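The values are calculated or read from the model by the stated rules, or taken from the named source; none is laboratory data. All values reported here derive from a predicted model rather than from experimental measurement. Using ideal geometry, Cβ is built from the backbone for each residue, glycine included, and neighbour counts are taken over all protein chains shown.
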Amino acid sequence: MKLFSVTLVVNGRAVTLRVEARQSLADALRGELGLTGTHLGCEHGVCGACTVLLDGEPVRGCLLLAVQTEGTEVTTIEGISPPAGLNELQESFRRHHALQCGYCTPGMVLSLHALLARDPTADEEAIREAISGNLCRCTGYLPILQAALHVAQSNRLKRADTSSTQSSA
Amino acid sequence: MIGARLVRVEDERFLRGEGRFVADISLPFMTEAFVLRSPHAHARISRIDIGPALALDGVQAVVTAADLPARLPPIPCRIPTHGNMEPFLQPVLCRDVARYVGEPVAVVVASNRAMAEDGAERIAIDWQPLPAVADAIAGLKPDAPAVHDAGNVASRWGFDLGNVETALSEAAVTVRQTFGIQRHTAMPLETRGLLAVYDGARRMLEVHGPTKVPHTNHALLARMLQVSTAEIRFIEPDVGGSFGARGEFYPEDFLIPWLALRLRKPVRWIEDRLEHFAAINHSRESRFEVTAAADAEGRLTAFDVKLVADLGAYIRTHGDVVPSHAAASFPGPYRVRNYRVAAVAALSNKTPSGTVRAPGMFEANFARERAVDMLADKLGIDPAEIRRRNLIRREEMPWRVGTESVRRPIIFDSGDFSFVFERAVSEFDRTALPRSASGTIRRGRGICALVEPSAFGAFESARVEVDGEGFVHVVTGATSQGQGHETSLAQVAAAVLEVPIDRIRVRHGDTGLIRFGGGTYASRAAVMAGNAVHAAAVAVKAKALRTAAQKLEVAEEDVRLADGRFELAGTPEVNITFAAIARLLAPGNAELLQSPTVANIADNDGLTASCHIRGVPSGTSVFAVHLAEVAVDVETGQVAVERYLVAADVGRAINPRIVEGQLIGGVVQGLGGTLLEEIVYDAEGQLQTGTFADYLLPSVHDAPAITAMVIEHALSPSNPLGVKGVGEVGTSGAAAAIGNAVARALGVPAAINALPLTPERVIAATCAGPVP
Ligand code: FES
Ligand code: FES
């Protein structure tokens, strides 16, 4: 089987992968780099468990071929997790019991991470839209919405804080 | 600790992407298996040629039924049934005749999955298609093709309680309706998978991937392989959901370990989604013909039910338990003493079936609660009122339904149904938003009252151990597929031993760590594993107390547990920590060996206790009320659930946050089964739904606002903690509540009788008549 060389940045580090043409990005991340936080739920682009960020935007790791990612920057759940513990969004998931089996969780967190990076004070509608392509079979979604809304709300407060500090200055 | 809304200890690893699911595990020299499955619903195999597959580079083995050990039995049924299931059991690979699309025919093992698939493509099979039974009810006709030589009926049974004929003839009103529940299933987000590795020199077979009932399956695999149970270890990894379907003994649960043994190489098999659709247990497909009667005051006087369940092509591990539960529990929370049911478990050329969250109950609740609403309508009584008038009363507990399922009587152990009912109804009223019909939108409210029998199974085991550093190990025979047992069981141990939760480690699903285990099914883990851990922790505490008293040379009554140490009451400086006691009790402890008091501490086998607790045959019974408000667009047929409330008397909640999560998640799963999910076959028995694009799961857009009322009112008398199993009640009443709401919205009481409530069915219902 012919192997292709692909060079990209994964979680901030340049890597060169040797992959078959038919290998998906998700398989390459999991199999070649051991980044098993990217999950496969359907392998046909519906469930969102394989969501990763490609140049900051959520994409389906199961639909993208590894060979298509030459020169891109890929971020996985491992890439947005702090060296120890949880980031603010992850912590909010935990506080709101927004996961049960945890299988959909990395994809959910990445979709919302991308949304909140773009729109830190996203409203419920935007949050629903952001995870409309991420299936969760366990939680019934409501706790996930609450987890994301909580972060958006605290961003709103932080923003109000900064602007009031600025105006008082 | 019991009752605390703790955040879960397992969350961090999942949130960081550090969960370890079976597909995340790989081993040096690992091979991968692909299961070749029948493309036909019913066909005879006249020839299989595996030669070309074996010749392919990278392919290491190809096996068919011809390679299986001689006298290998089919997969047995693990539950009592209503008939002899032997003729209908499934072999691990089909030999002559394939009976459903997806039946395993051969397994190819290769260096990687893609090569195994390439190999499978080269297996040549001559198939002779046979006529198929695509619908079990059609299969009951005398001229229907036979799924098995023994016919198309696995079992027939029934109950006839009270006097149904008299009640029907004396009734003020009766309704008669046939309800159809569609085939659907659990659909966990992670597909199944196994990784088996055999160390031939040490005669040790390790299997990663089992869940739900690993101890049961471990013993079965040993029997099928004819090896000692000591030569096999099952290890449960993190598991991406089960909801009842995953973790039973499937053909692959023999094939993959057996191949690892044969090849002496690690063999991994990870199911893909299409395969999952064809291979996992399906469930729920059934038809209920219901006659229900009431007197002029709206007192329910009789239920007369004919039930046919389509169990698919083989009888699997669960036998006929799904229709069995439905038949036994049909009367629900009502004081109805005249009840008759005639049930048939029928076969068809479709994937075999098993249990899925609220097995039989989701179906029975839908049929019964729709019929009760139809009676209310005829009598001109409000749906809440008719239920109010019929609920079993507190003083009538324990209530014996008079039926049994899997040889266990259906008894409701406790409950104050009216109390829970009124709280649920008034809360839903209180939070109502002023909304009404507008344009093409019709609104309606639906209600369902139910009792969920739960926490079945003979026993559960637990071991609690304190180590020399003061850490507490909890080993349970139960398993976890996302429910949060690592937290809730830690809470139980923490409550008894008064140690912080971060000093406790809970291990589950590993036959190498605990000799016996029941497992996780029938909403039993909190009840059975919770109480087993409780009993073991109490025993550890008693042992520690005894040892502390001896060491401190004081009376046991004068020793108190405080802040993780045992101290002399009133003289806290005289104390000994848990860790020190554990060290003292370790066999070979120097102090004990030298100590003249050695004779006083006879049980120096570590600070540990194992407990095996017996289950109560009838389990625990949770009363629940579901209320749904829907908006139906009569032009598009779209149903939107706008507001939902589920109230359940859980006895005692170990962690209310986890209980709420079970209820809310359960409701959305039930909503999927009500509005969206359906496994479709065509008339030839070809599977039509093989992707999430054809089989729709609820997405975030389908999730309504849900209020989960966790009520702790009637403690279960069956167990010291008083807890009741709550994993299934969220799902159990969803079709009933939503179905009733849609029928109300449309003003067609009789027209909502087939699930799922697709736009086509809803539009047909608006045109009044029932639809197929
Ligand atoms: S695995 Fe990629 S969308 Fe499901
Ligand atoms: S937490 Fe299990 S699928 Fe979302």
Checklist outcome for this item: Reported set for region B:282-327 where residues are of a type in the set (A, V, I, L, M), touching a helix residue (DSSP H, G or I) at 6+ places or on another chain (Cβ under 9 Å) and assigned to a helix (DSSP H, G or I) is B:VAL322, B:ALA326, B:ALA327
Next on the checklist: Looking at (1) assigned to a strand (DSSP E or B); (2) out of contact with any helix residue (DSSP H, G or I) (no Cβ under 9 Å at 6 or more places or on another chain); (3) not aliphatic (A, V, I, L, M), which one does B:GLU32 not meet, given that it meets all the others?
Outcome noted: (2)
Checklist entry - Of all residues in region B:390-408, which are at pLDDT 95 or above and either over 23 Å from B:PHE330 (Cβ atoms) or surrounded by fewer than 17 Cβ atoms within 10 Å (Cβ to Cβ) (or both)? => result B:ARG393, B:ARG394, B:GLU395, B:GLU396, B:PRO398, B:ARG400, B:GLY402
Item to check | Verdict on A:GLY102 being in contact (Cβ under 8 Å) with a residue 12 or more places away in the chain and either closer than 27 Å to B:ASP272 by Cα or more than 15 Å from ligand 2 (Cβ to nearest atom) (or both) | outcome: no
Next on the checklist: Quick check on region A:78-98: of everything there that is without any contact (Cβ under 8 Å) to a residue 40 or more places away in the chain, aliphatic (A, V, I, L, M) and more than 7 Å from chain B (Cβ to nearest Cβ), which residue is surrounded by the most Cβ atoms within 10 Å (Cβ to Cβ)?
Outcome noted: A:ILE80
Item to check | Total residues in region B:233-250, condition within 16 Å of ligand 1 (Cβ to nearest atom) and either within 16 Å of B:ILE25 (Cα to Cα) or free of Cβ contacts under 8 Å to residues at least 60 places away in the same chain (or both) | outcome: 1
Item to check | Filter result for the condition that a residue is more than 19 Å from B:ARG657 (Cβ to Cβ) and within 16 Å of ligand 2 (Cβ to nearest atom), over A:SER111, A:SER81 | outcome: A:SER111
Checklist entry - What number of residues in region A:113-169 are more than 16 Å from ligand 1 (Cβ to nearest atom), in contact (Cβ under 8 Å) with a residue 60 or more places away in the chain, crowded, with 16+ Cβ neighbours inside 10 Å and under 25 Å from A:GLY45 (Cβ atoms)? => result 1
Item to check | Any pair with Cβ under 8 angstrom, 6 or more apart, that starts in region B:262-274 at a residue that is within 17 Å of A:GLY41 (Cβ to Cβ) and ends at one that is among the hydroxyl-bearing types (Ser, Thr, Tyr) | outcome: B:ILE270/B:THR191; B:GLU271/B:THR191; B:ASP272/B:THR191; B:ARG273/B:THR191; B:ARG273/B:THR691; B:LEU274/B:THR691
Next on the checklist: Looking at the structure I just gave you, is B:ALA745 under 18 Å from B:PRO383 (Cβ atoms), more than 13 Å from chain A (Cβ to nearest Cβ) and buried (at least 18 other Cβ atoms within 10 Å of the Cβ)?
Outcome noted: yes
Item to check | Selection from region A:54-72 of residues that are within 9 Å of ligand 1 (Cβ to nearest atom) and either surrounded by fewer than 20 Cβ atoms within 10 Å (Cβ to Cβ) or over 24 Å from B:ARG273 (Cα atoms) (or both) | outcome: A:LEU63
Checklist entry - For B:ASN740, which of the numbered conditions (1) modelled with pLDDT under 95; (2) away from chain A (no Cβ under 14 Å) fails to hold? => result (1)
Item to check | Top-ranked residue of region B:205-227 - restricted to ones that are small (Gly, Ala, Ser) and free of Cβ contacts under 8 Å to residues at least 24 places away in the same chain, ranked as nearest to ligand 2 (Cβ to nearest atom) | outcome: B:ALA219
Checklist entry - What strands (runs of 3 or more DSSP E), lying completely within region B:120-231, carry at least 3 residues that are over 33 Å from the mean Cα position of the chain (by Cα)? => result B:124-129
Next on the checklist: Just checking: which of the helices (runs of 4 or more DSSP H) contained wholly in region B:665-772 hold 1 or more residues that are under 25 Å from B:ARG394 (Cα atoms), touching a residue at least 12 places away in the same chain (Cβ under 8 Å) and not aliphatic (A, V, I, L, M)?
Outcome noted: B:729-732
Checklist outcome for this item: Being within 27 Å of A:PRO120 (Cα to Cα) and within 15 Å of ligand 1 (Cβ to nearest atom) narrows A:THR36, A:THR51, A:THR75 down to just A:THR51
Checklist entry - When you scan region A:86-158 for helices (runs of 4 or more DSSP H) that lie fully inside it, which ones turn up with 3 or more residues that are at pLDDT 95 or above and among the aromatic types (Phe, Trp, Tyr)? => result none
Checklist entry - Given the residues B:ARG652, B:ARG657, B:ARG643, which is the only one that is within 16 Å of ligand 2 (Cβ to nearest atom), charged (D, E, K, R), over 30 Å from B:ALA549 (Cα atoms) and not assigned by TED's automatic domain parsing to the domain that holds B:ALA548? => result B:ARG657
Item to check | Any hit, region A:21-28, residues being part of a loop (DSSP other than H, G, I, E, B), surrounded by 20 or more Cβ atoms within 10 Å (Cβ to Cβ) and outside the structural domain of A:PRO143 (by TED's automatic domain parsing) | outcome: yes
Checklist entry - For region B:337-443, which fully contained helices (runs of 4 or more DSSP H) count at least 2 residues that are in contact with a Leu (Cβ under 8 Å, 6 or more places away or on another chain) and under 30 Å from B:ALA134 (Cα atoms)? => result B:361-379
Item to check | Residue pairs meeting the criteria (Cβ under 7 Å; at least 6 apart or on separate chains; first of a type in the set (Ser, Thr, Tyr), in region B:181-204; second not in a loop (DSSP other than H, G, I, E, B)) | outcome: B:THR185/B:HIS282; B:THR185/B:SER283; B:THR191/B:ILE270; B:THR191/B:ARG273; B:THR191/B:HIS276; B:TYR198/B:LEU205; B:TYR198/B:ALA260; B:TYR198/B:LEU261
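Just checking, how many residues over region B:171-210 are within 30 Å of B:PRO756 (Cα to Cα) and not basic (Lys, Arg)?
The total comes to 18.
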Checklist entry - Quick check, is B:ASP304 among the acidic types (Asp, Glu) and buried (at least 24 other Cβ atoms within 10 Å of the Cβ)? => result no
Checklist entry - Which of the residues belonging to region B:640-684 are of a type in the set (A, V, I, L, M), more than 23 Å from B:GLU427 (Cα to Cα) and away from chain A (no Cβ under 12 Å)? => result B:ILE654, B:LEU675, B:ILE679, B:VAL680, B:ALA683
Checklist entry - Among the residues of region A:67-77, is any closer than 25 Å to B:ILE664 by Cβ and within 11 Å of chain B (Cβ to nearest Cβ)? => result yes
Next on the checklist: Given the condition more than 9 Å from chain B (Cβ to nearest Cβ), under 15 Å from the mean Cα position of the chain (by Cα) and not in a strand (DSSP E or B), answer yes or no: does some residue in region A:30-46 qualify?
Outcome noted: no
Next on the checklist: Condition check: within 22 Å of the chain's Cα centre (by Cα) and either outside the structural domain of B:ALA736 (by TED's automatic domain parsing) or within 16 Å of ligand 2 (Cβ to nearest atom) (or both). Does B:SER242 satisfy that?
Outcome noted: yes
Checklist entry - Which one of A:ALA122, A:ALA152, A:ALA147, A:ALA126 is of a type in the set (Gly, Ala, Ser) and more than 14 Å from chain B (Cβ to nearest Cβ)? => result A:ALA152
